Every structure is written in structure tokens, then in C-alpha cells.
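Engineer: Below is a structure I'd like to ask you about.
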Amino acid sequence: MAGRPDEAVMDSAGVHLVRRASELVHRTKLCLLLLQAGHDPLLLAADMAAITALIEAGEPGFRASQDLYQGVFLGEVYLAPLLGALSPAVWGFCAPRSLGIVVYTMGQPLLGHAGNAAELLQTLPQQGAAPDPDRERARIPRLSPRAGAAALDWWTRRLNDLFGVLTDPALATDGSGVYLPAKQARTLLSAEQLFRRVASIQAAHRDGHARRVLLFTVLDTLERLTGKNITELGSAEYARERLGEMTAAIPAEAAEVLLPGAERAVEALEELPLGFFRARQLGETTVDVPDKHGGTRSVELDRAAAEYLKVLRNATHGHGGKTEADIRLTAALLAQHDGRIPHDLGLLGYLYLLDLLARTDELAHRIYGGGRA
């Protein structure tokens, strides 16, 4: 079967089944039940008559954060960023079933959007990627026959390791080793939020502003989970380092699916410093910004771009700052950058999600070490 002459649509297509162990639901729900038990007035008062009456009336007895943590029941939430790894191309889709998640791989990725609006809501004025399907199609990688299966195998194995960390009560403790259900609940909810929002970034190809705001929430979530702040995550040097380690660690066939989106994210982040137009015109490698003492300091372009990214993140509450120093730094960066934000910068969220999956041992250390996750 073929769409365009150069597209072998069903070349090496496949069907795969991803199964979730029933124990995972029990492990993830336990901390939420204990969280509710520590705050629910009926449970604290052991008012079994009132609890029984509510249950007999059809009211659920336990629903702490229930709708914030639905992904674990079917599991498709945790596969979504994998299926969107080649965005705006699509290489597979899934169908949750009672026996597990059926994943259909098309063998070769296809462009996931049309250049023109496909529905009336898409006619609303938005600023997204340049509508050039031919250019996007040219960037779609050609996959080897085993690439899809290898990527799915790598991803599910890393998910298994991730849930091993997230649901281990021995890690969600205070400095004295006492189990804290609220700490484990926050970590689980943050992880699901991360997966959902990365998938939303991948789907928001037409709306660059929505994509950017989602990226900022992802970077904030990553700071809570990993301890890395936005200026570190916004450094092209750091992002390139993470990509290099993943390139060396991920098997070559799996990397055909997993890494192109991460590579595009790093390339976009490396473009961001080019927006300092005067420095670019003069061939300079630094920009001057105010320091905390009323003077100025020279900052390398990579660091300045990371600071600029932080300014944009803070601007989700309105441009400005909480302190006079913040206000002066914001003004200096806004004055020296042309405001052009590469569309693929949103994929930075995917890069760091991939990095989190590749290094679940570090996440365990972060939680075990008494961090604020």
C-alpha cells in the first residue's frame, strides 16, 4: 500500500501488546488511600456509620486525586510521548483494551497534519510552525524494519524501572526513614503530569504559544522531580550533553524512533542565542546584563539564552519581576533579544522526559535523598 510514491505506508507494520501488571494499580493507589486517610474527617473520626451511609448512597468512599491519576489504569498516557516521538510525524497509534494496550506500528512514519486547516477551530489565528508540509515530510526519518519494535521494547522496559521507583514506599520517606504517603503521591502525580504535558506539546504543532507554555510547565515539573532548575535545563551545552549520553546508551534501532525529536530540541535550543541580534551582528560571544550591585556583567550567549528562557517562563504571569534586580535583568534581555523562539524548542520537554527514563536510578536517589519531589 502506498500514499505518495515515496511513502511505503505499511512497510514493516506490526501489532504489539503492552500489558500492565495488576499489582501496579494497587501499589500506586495505596499512597493515595493513605493520603486521604490522613486528611478525611470521617476517616480520622472513624465514623463508620457515616462512611457506610455514603457508600450505600452510591458515593465512592475513596477518590483522593482520582481524576488526576487515571493514566495508570489503562496506561496509554505513558505510551503517548513515545508514539509522538517523531512529531509532527506519526509512526504508530494505540488502542487500550482490557487485556492491555494494543500498539499498531505503521512501519514508516507519516506526516501527522495537513498544511491547511482541517476543521473550523483551526481557522482561529494562531502562531505555529511554518505551514510547509513538504519540508516537514523531508525531515521524516526512514525507519529500519525493527526500529518500531525496538523503541517500544526500550520504552516499556524503562517504564517498568520508572514505576519500580515511583511506587516503592521505601524510597518515599523522611530523613528518619518514616514513610510519607503525601511525598509518594506528589511524585506519582508529577510523573503523570509530565507524560501528559509532553504528549500535549507533541500534539500542539499548530499552536506555538500553547506549546511554549506547556514546555514551561514541563520544565517546572522536571525541576521538582530532578532538582535541575530552568537555567540549567535551558542551557544548550547541558542539553547537548544529555543527548550525547542517550545517543551512546540507546540501542541503534530504538534510537531511530526515540532520538530525532530530542535532536530537534537541542538544535532549537542552540538557535535561541542567535536571537541576541546585536551580539550576532558584531560577532560577540557575550551580552551585558545588570548585576545585583547596580553595575553590569558579561554573560556568555548560552547562559544568556537560558536566562532569557527563564524570563519567558516567568512571563506566564506577566512580564516584569518580583524584585528590582529581576525587573532590570528582564528589561536588558528583552531589549537585546529579537523574540524569535524556534518552534521545535517545545520538544525540549520530550528530550528531558527521555533523559528521565534513561536515568531512573538518579530519580530514585533524588527521592531517597529527601528531596522535595
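Engineer: Full-extension gain between residue 231 and residue 271, please, as 0.36 nm times their residue separation minus the C-alpha to C-alpha distance.
Structural biologist: 12.8 nm
Engineer: If you rank 42, 17 by how much accessible surface each has, with a 1.4 Å probe, what is the order from largest down?
Structural biologist: Per-residue accessible area, sorted high to low, gives 17, 42.
Engineer: Determine the relative contact order of the chain: mean sequence separation of Cα pairs under 8 Å and six or more apart, normalised by residue count, in whole percent.
Structural biologist: In percent, rounded to a whole number, it is 19.
Engineer: Still on this structure: I'd like the distance between the alpha-carbon centres of the range 250-313 and the range 63-115, rounded to an integer number of Å.
Structural biologist: So the two Cα centres are separated by 31 Å.
Engineer: Considering the Cα trace of the range 61-101, what is its radius of gyration and what is Dmax, both in angstroms?
Structural biologist: So, for the range 61-101, Rg and Dmax equal 13.1, 43 Å respectively.
Engineer: What ³J(HN,Hα) values, in whole Hz, does the Karplus curve 6.51 cos²θ - 1.76 cosθ + 1.60 give for the range 285-295 when θ = phi - 60°, with x put for Gly and Pro?
Structural biologist: Taking θ as phi minus 60°, the curve returns 10, 9, 10, 9, 9, x, 9, 6, 9, x, x Hz for the range 285-295.
Engineer: Rounded to the nearest 500 deg cm²/dmol, what is the calculated helix-only ellipticity per residue at 222 nm for the chain, with -39500 (n - 2.57) per DSSP H run of length n ≥ 4?
Structural biologist: So the calculated ellipticity at 222 nm is -16500 deg cm²/dmol.
Engineer: Further question: DSSP loop (so not H, G, I, E, B), at most 15 other Cβ within 10 Å: list which trypsin sites (Lys or Arg not before Pro) in the range 9-38 pass both filters.
Structural biologist: Answer by residue number: 19.
Engineer: Using modelled amide H (1.01 Å from N, peptide plane; none on Pro or chain starts), what sits under 5 Å from the amide H of residue 108, excluding residues fewer than 5 places away?
Structural biologist: 11
Engineer: Considering only 323, 343, 48, whose Cα is most displaced toward the positive end of the charge dipole of the chain, charges sitting on Cβ of Lys, Arg (+1) and Asp, Glu (-1)?
Structural biologist: 48
Engineer: Here is a further query. Among residues other than residue 75 whose Cβ falls under 10 Å from its Cβ, what is the net charge (Lys/Arg +1, Asp/Glu -1)?
Structural biologist: +1
Engineer: The range 157-254: which trypsin sites (Lys or Arg not before Pro) are DSSP loop and have at most 14 other beta-carbon atoms within 10 angstrom?
Structural biologist: Nothing satisfies the criteria.
Engineer: Quick one: length gained pulling residue 241 to residue 44 fully straight, 0.36 nm per residue minus the C-alpha distance?
Structural biologist: Computed gain between residue 241 and residue 44 is 66.0 nm.
Engineer: If you don't mind, there's one more thing I want to ask. Efficiency by 1/(1 + (r/R0)^6): what FRET value for residue 117 and residue 138, r their Cβ-Cβ distance, R0 = 22 Å, to the nearest 0.05?
Structural biologist: FRET efficiency, residue 117 to residue 138: 0.50.
Engineer: Going by average Cβ density within 10 Å per residue, which order do the peptides 64-72, 174-182, 159-167 take, highest to lowest?
Structural biologist: 159-167, 64-72, 174-182
The values are calculated or read from the model by the stated rules, or taken from the named source; none is laboratory data. Only a predicted model underlies this, so the values are computations on that prediction, with no experimental measurement involved. Cβ sites come from the backbone with ideal geometry, for glycine too, and all protein chains shown count toward neighbours. SASA here: full protein model, heavy atoms, side chains in, ligands and nucleic acids out. Shrake-Rupley method; radii C 1.70, N 1.55, O 1.52, S 1.80 Å.
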